Each structure stands twice: as C-alpha cells, then as structure tokens.
Amino acid sequence: MSTQAKMQTRAASADGFQDDGADTVWIEQDPFIDRIPRWVAMLGLFVAIVGLWQVVTALDIVSPIVLPSPAETWADILFVGNNLLTGGHMLDALITTSLTVLYGFAIAVALGFSLGVLVGETKFGERAVMPYLVAIDTMPKVAFAPLFIAWLGFGISSKVALAAFIATFPVVVSTAAGLYAVSENERFLFKSMGASRLQTLVRLKLPIGLPYFFTGLKIASVGVMAGAITGEFLGGGEGFGALIRISASQLNTPRVFSLIIYLSFLGLALYLTVVWLQARLIFWNKTDKIGGIA
Amino acid sequence: MTDQSLHDTATAKPAVERPVFQISRLSKIYQRNRFTALSDVNLTLRKGEFASVIGSSGCGKSTLLKIMAGLMPPSSGRVVLDGRPVMGPREDIGMMFQQATLLPWKTALENIVLPIEIREGKAAARRYRDRAQDLLDLVGLARAADVYPSELSGGMAQRVSICRMLISDPSVLLLDEPFSALDELTRDFMNMELQRICMERRATAFLVTHSIPEAVILSDKIYVMQSNPGHVAEVIDIDLPRPRTLEMINTAKFGAIVGHIRGKLEKEAKA
C-alpha cells in the first residue's frame with residue numbers, strides 16, 4: 001500500500017472507523033472432490049473398479065465362469081488384440097461388424113435426414129407422416145429382426161437393415177426439431193428479404209438446426225451399434241456379435257469381456273468422429289459439452 | 001405544437017414532401033379467433049419523415065408493421081409504397097427487429113450483404129462488399145467486418161443489423177422496437193446514432209416502440225394507438241428542433257409532450 005493511500009485510510013478512521021491496513025481478502029475453496037485433476041480422477045476410478053473386481057474374484061465370491069479375474073480378462077484382451085493385429089479370423093469379424101455399422105449409420109442418416117426435413121418443413125409431414133413414425137418408434141424395434149432375416153437372408157444386409165432401422169428415428173426427430181428451432185424474427189428476416197422456401201431451408205433452417213441434428217447423430221451412433229450386434233446375435237453371420245454368442249455358449253467369459261471391450265472401441269470411434277465433425281462444422285456454438293466429449 | 005414552429009428551425013424542410021407510404025382504411029381481423037387487431041388505420045409517411053407508433057402491448061402496432069412490411073396481408077384497406085401496392089415482401093423496404101438476428105455462422109460483413117445474396121446471388125453479394133464496408137464505417141464499426149456475431153456486444157450487433165437494413169438502399173425503414181433489448185445507456189446512444197444516420201440519408205422511417213421518450217426524441221410525428229380494436233387515437237406532431245439531443249429530454253417542452261402521451265395511454269390502461 002502506498003503512503004498516500006495509507007494516509008487516506010488513516011484519515012478515514014477519524015469518524016471512529018478502525019482500519020489497521022490489512023486487506024480482507026479471502027479465498028473461496030472448492031470442495032475436495034471438485035479439485036481432483038481429470039487424469040487423477042479417471043485413473044483413481046479405474047483402479048478402484050479393477051481393485052473391487054480383483055477382490056471379488058480372489059475371494060471366490062462368484063464363479064470364474066460368471067466373472068473371470070482381471071488378469072484372465074487382460075490376458076484374453078492381449079490374445080484378441082494379437083489376433084486382430086496379425087489379421088486372424090477375428091479381424092475379419094471386426095471388419096464385417098464395422099461395415100455393418102457404417103452402412104447402417106449411413107442409411108439411418110440419409111433416411112432420417114430426409115424424413116426429418118419432410119416432417120419439419122411440410123405440414124403434410126407433420127400431420128400425416130409423423131404420427132406413423134411415432135407409432136413405429138414406440139414398437140420394440142428388435143422384434144423386427146426375424147422379419148429382416150426372412151426378407152434379406154442371413155447375410156450382412158439383414159443386420160444393416162436392423163441397425164439402420166433402430167438408428168433412423170433419433171435422426172428424424174432431431175432433424176425436425178432443428179428445423180423448428182428457428183425464431184420468429186429469423187423467419188421474418190428471411191421473408192422480408194424475399195427468400196424462397198428452399199433458400200430459407202438451406203441458408204437458415206438447416207444451419208440453425210445443425211446442433212440438434214448432431215445430437216440425433218450421437219444417439220444414432222450408439223443405436224446403430226446395438227442394432228448391428230443384436231442382428232448378429234439373432235441372425236448369425238460372421239461378425240463380432242456371432243463371436244460373442246459362440247464364446248458365451250462355450251462359457252468362455254473372458255473372451256466375451258474382451259470382445260465387448262474391442263466393440264466399445266468401435267462404438268467410441270464412431271461417436272468421436274461425430275463429435276469431431278460437429279466441432280468442425282458448428283464453430284459458432286461452443287456450448288453443449290459434457291466432460292469435453294459429449 | 002403548430003406546423004409552423006417546425007419550420008422555424010435551422011433544418012427546416014420544404015413545406016410538403018411527397019408521400020412515400022400511404023395507408024388508408026386498413027383493418028386486420030384474425031379469422032382464427034375473430035379478433036380485430038386493427039380497425040380503420042390511416043396514415044401517410046412523407047419523404048424524410050420519422051414517424052413512430054406507440055401503444056401498450058396488444059394494441060396492434062406489431063401487426064401494423066408486419067402488414068406495412070408485406071409480411072402479412074391486411075383484411076381490408078389499402079397499403080401503397082412509392083405508388084405500388086404492397087402485396088408481399090419488397091426490396092425497397094428495410095426492416096429491423098427487436099433482436100439483431102444476425103446469422104452466427106457469417107461474419108458481420110457477410111451478414112450485411114445477406115439481403116443481396118438472397119435476392120441476386122453470391123456474385124452480386126461480392127460486388128456489394130465495398131458498400132457494406134462503407135456502411136460499417138457509417139455506424140462506427142469500421143474494423144468489425146470479419147468479426148463473428150458472437151464477438152459483438154448487443155449494441156454492436158444492432159448496428160450491424162442497421163447496415164444490413166441499409167445495404168439495399170430501401171425507400172422506407174421499418175423499425176420494430178429495435179433497441180428495446182439493449183441497456184438504457186446503449187439505447188440512448190443508439191437512438192442518437194439512428195437519428196444521425198436517418199438525417200444523413202434523408203431516410204423515411206417508421207418506428208414501433210413502447211418507450212414514450214424514445215418516440216418523442218426521434219419522431220416528427222407520433223401515432224398513439226389504443227387497443228380493442230387497435231386504432232390510432234391521436235396523431236401528435238413533434239416540433240422540437242433537429243438535430244435532437246439527449247439534453248432535450250430535460251426541457252419543459254419535452255416533458256409536456258411525454259406527459260400528454262402518458263396521460264393518453266394511462267387513460268386506456270385504467271379503462
């Protein structure tokens with residue numbers, strides 16, 4: 001504190017107000033749980049879960065067929081990883097499942113976007129098409145699997161169809177919701193500029209709706225995985241779903257676990273691709289983020 | 001407040017300018033709920049005139065503006081701009097909204113040339129870039145051309161939307177409570193800016209507002225509207241000299257006009 005400032009504070013104390021010159025600065029403390037750095041928190045949680053898992057298996061609380069030990073599982077993860085890297089039969093299965101997921105996702109996005117625009121942009125779509133879509137969406141879609149197999153056979157197409165079927169609806173709803181997100185002022189602005197319906201759709205409504213559309217894509221990217229694997233469970237074939245089913249029937253639980261972990265990498269890759277694309281395309285909207293990835 | 005006193009000032013206008021906007025016998029009935037929003041509205045906007053319409057919410061002032069902008073058809077009556085009836089949105093009408101309504105994925109400059117891009121395509125919009133830059137200079141945002149709306153304050157964003165309104169050189173400006181979302185200090189400043197721009201360009205402007213001082217400081221003529229059904233209850237000529245300054249708000253004359261309008265609107269609120 002400068003001498004001058006000190007003199008002023010001393011002078012101010014003439015009215016009986018005591019100022020001993022000490023600032024009344026205090027520090028606001030976050031609770032301990034909010035102060036843990038991300039990597040420590042993630043690693044800590046991982047260690048805790050694996051530790052609990054180790055304790056449960058070491059004490060023979062559950063049978064190894066139900067829950068293998070972490071070490072067994074880790075050994076199998078390495079084995080499957082080796083098989084994948086050396087181009088073994090599991091790599092072929094992974095490629096089959098990946099293609100199923102990608103085809104299913106592509107169809108879901110194309111179909112969902114088209115239907116979403118129909119529903120969101122036209123009164124006919126909103127009044128006539130949407131009720132049917134809602135009706136179909138409320139059905140348990142997995143129940144359609146036998147139909148797809150009967151129509152498309154035991155090859156990849158019946159799995160692609162189920163995956164696309166499950167993933168289409170979130171894209172429809174989010175696309176339509178995005179088109180509704182335009183404010184009245186924005187609509188009047190485009191109207192006052194004499195914009196055509198197509199111009200208003202392409203230059204205003206679709207860009208405004210992009211964040212909604214991507215929310216739908218994220219849900220679809222998760223759904224398409226579930227659809228593809230369910231299809232492979234029920235319709236056989238050569239994908240990872242079939243490998244999981246076979247391993248489970250052989251009571252090879254560690255294999256089931258490691259296959260699921262590799263599958264989760266596939267799902268995560270698709271999800272993160274969508275997130276990356278969203279960040280690239282919607283540079284003006286930085287909200288909508290949980291933990292930096294959602 | 002006689003017509004004569006207006007011409008005593010330094011910025012006196014010729015006795016009668018040509019009419020730009022003519023509205024006669026205008027009514028609007030919403031068929032959906034048989035609600036009469038406007039009943040027998042008549043008004044004439046002359047070249048270079050700044051008119052305001054003031055009234056409580058629900059008096060039909062926004063409906064009036066939308067009909068004038070060609071965004072909504074009237075139920076009966078006649079709306080003519082520059083000799084041609086208004087039968088839809090027109091290039092020679094400039095509009096400003098309560099919010100700046102800038103597209104967040106376009107820079108300030110790209111937002112300004114948007115009306116050109118929509119009407120005449122991207123090539124034409126490129127030719128207008130220099131003009132857009134001149135307009136940014138006019139509103140004091142010379143260096144904001146490549147800035148995205150998220151980096152602009154509310155007042156700056158509204159200034160960009162003024163430029164967007166002016167880019168196609170409209171013959172009338174329709175302003176729908178343009179600064180009502182801004183804080184009071186910014187709002188005063190923007191009103192003075194708006195006056196300067198309108199005077200420089202001899203613009204014909206029509207402002208919808210619910211702020212009485214704002215209407216008085218900006219306008220040559222104020223239409224006081226009342227509701228049920230929406231109609232013009234009184235037309236007041238404001239003969240304060242131009243350019244108006246914020247200091248005028250403290251004068252007795254200004255206070256008298258504000259008091260008169262407030263009385264008119266309050267009478268309705270109590271009724």
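The values are calculated or read from the model by the stated rules, or taken from the named source; none is laboratory data. Nothing here was measured: the structure is a model prediction, and the numbers come from that model. Positions of Cβ are generated from backbone atoms using ideal geometry, with glycine treated the same way; all protein chains shown enter the neighbour counts.
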> What is the one condition in (1) free of Cβ contacts under 8 Å to residues at least 60 places away in the same chain; (2) out of contact with any Leu (no Cβ under 7 Å at 6 or more places or on another chain); (3) not in a loop (DSSP other than H, G, I, E, B) that residue B:72 does not satisfy?
Replying inline: (3)
> Somewhere in the stretch B:58-69, is a residue touching a residue at least 40 places away in the same chain (Cβ under 8 Å), in contact with a Gly (Cβ under 9 Å, 6 or more places away or on another chain), farther than 21 Å from residue A:192 by Cα and part of a loop (DSSP other than H, G, I, E, B)?
Replying inline: yes
> Which number in (1) buried (at least 16 other Cβ atoms within 10 Å of the Cβ); (2) within 20 Å of residue B:245 (Cβ to Cβ) marks the one condition that residue B:185 misses?
Replying inline: (1)
>> Between A:126, A:72, A:184, which is loosely packed, with under 15 Cβ neighbours inside 10 Å, more than 21 Å from residue A:218 (Cβ to Cβ) and of a type in the set (Asp, Glu)?
In response: A:184
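Conditions (1) under 24 Å from residue B:265 (Cα atoms); (2) more than 14 Å from chain A (Cβ to nearest Cβ); (3) crowded, with 18+ Cβ neighbours inside 10 Å, marked per residue:
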{"site": "B:37", "(1), (2), (3)": "yes, yes, yes"}
{"site": "B:48", "(1), (2), (3)": "no, yes, yes"}
{"site": "B:59", "(1), (2), (3)": "yes, yes, yes"}
{"site": "B:65", "(1), (2), (3)": "yes, no, yes"}
{"site": "B:70", "(1), (2), (3)": "no, no, yes"}
{"site": "B:77", "(1), (2), (3)": "no, yes, no"}
{"site": "B:85", "(1), (2), (3)": "no, yes, no"}
{"site": "B:89", "(1), (2), (3)": "no, no, no"}
{"site": "B:95", "(1), (2), (3)": "no, no, yes"}
> Hey, any hits in the stretch A:146-169 for a residue that's of a type in the set (Phe, Trp, Tyr), within 14 Å of another protein chain (Cβ to nearest Cβ) and surrounded by fewer than 22 Cβ atoms within 10 Å (Cβ to Cβ)?
Replying inline: no
>> Restricting to the stretch B:205-216, name every residue that is buried (at least 23 other Cβ atoms within 10 Å of the Cβ) and either over 11 Å from residue B:52 (Cα atoms) or of a type in the set (A, V, I, L, M, F, W, C) (or both).
In response: B:205, B:206, B:207, B:208, B:215, B:216
> Quick check: anything in the stretch B:145-153 touching a Leu at 6+ places or on another chain (Cβ under 6 Å), among the hydrophobic types (A, V, I, L, M, F, W, C) and crowded, with 19+ Cβ neighbours inside 10 Å?
Replying inline: no
>> Looking only at the stretch B:111-122, how many residues end up being at the interface with chain A (Cβ under 7 Å from one of its Cβ atoms) and free of Cβ contacts under 8 Å to residues at least 12 places away in the same chain?
In response: 1
>> I need every pair where a residue in the stretch A:43-64 that is modelled with pLDDT of 90 or more has its Cβ under 9 Å from the Cβ of a residue that is in a helix (DSSP H, G or I) and among the charged types (D, E, K, R), sequence separation at least 6 or different chains.
In response: A:57/A:72
> Among the residues of the stretch A:185-193, is there at least one that is assigned to a helix (DSSP H, G or I) and more than 14 Å from chain B (Cβ to nearest Cβ)?
Replying inline: no
> Does at least one position in the stretch A:207-227 carry a residue that is closer than 30 Å to residue B:170 by Cα and surrounded by 13 or more Cβ atoms within 10 Å (Cβ to Cβ)?
Replying inline: yes
> Checking residue A:143 against (1) more than 20 Å from the chain's Cα centre (by Cα); (2) within 22 Å of residue A:99 (Cβ to Cβ), which single condition isn't satisfied?
Replying inline: (2)
> Residue check: is residue B:158 within 14 Å of chain A (Cβ to nearest Cβ) and in a helix (DSSP H, G or I)?
Replying inline: yes
> Residue check, residue B:101 against (1) more than 14 Å from every other protein chain (Cβ to nearest Cβ); (2) under 20 Å from the mean Cα position of the chain (by Cα); (3) closer than 14 Å to residue B:162 by Cα, all met but one. Which one?
Replying inline: (1)
> In the list B:108, B:125, which residue meets the criterion of being closer than 22 Å to residue B:198 by Cα and either more than 12 Å from chain A (Cβ to nearest Cβ) or at pLDDT 90 or above (or both)?
Replying inline: B:108
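Conditions (1) farther than 24 Å from residue A:206 by Cα; (2) touching a residue at least 60 places away in the same chain (Cβ under 8 Å), marked per residue:
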residue: A:113; (1), (2): no, yes
residue: A:126; (1), (2): no, no
residue: A:133; (1), (2): no, no
residue: A:143; (1), (2): yes, no
residue: A:153; (1), (2): yes, no
residue: A:163; (1), (2): yes, yes
>> Yes or no: the stretch B:205-213 includes at least one residue that is farther than 24 Å from residue B:69 by Cβ and in the same structural domain as residue B:52 (by TED's automatic domain parsing).
In response: yes
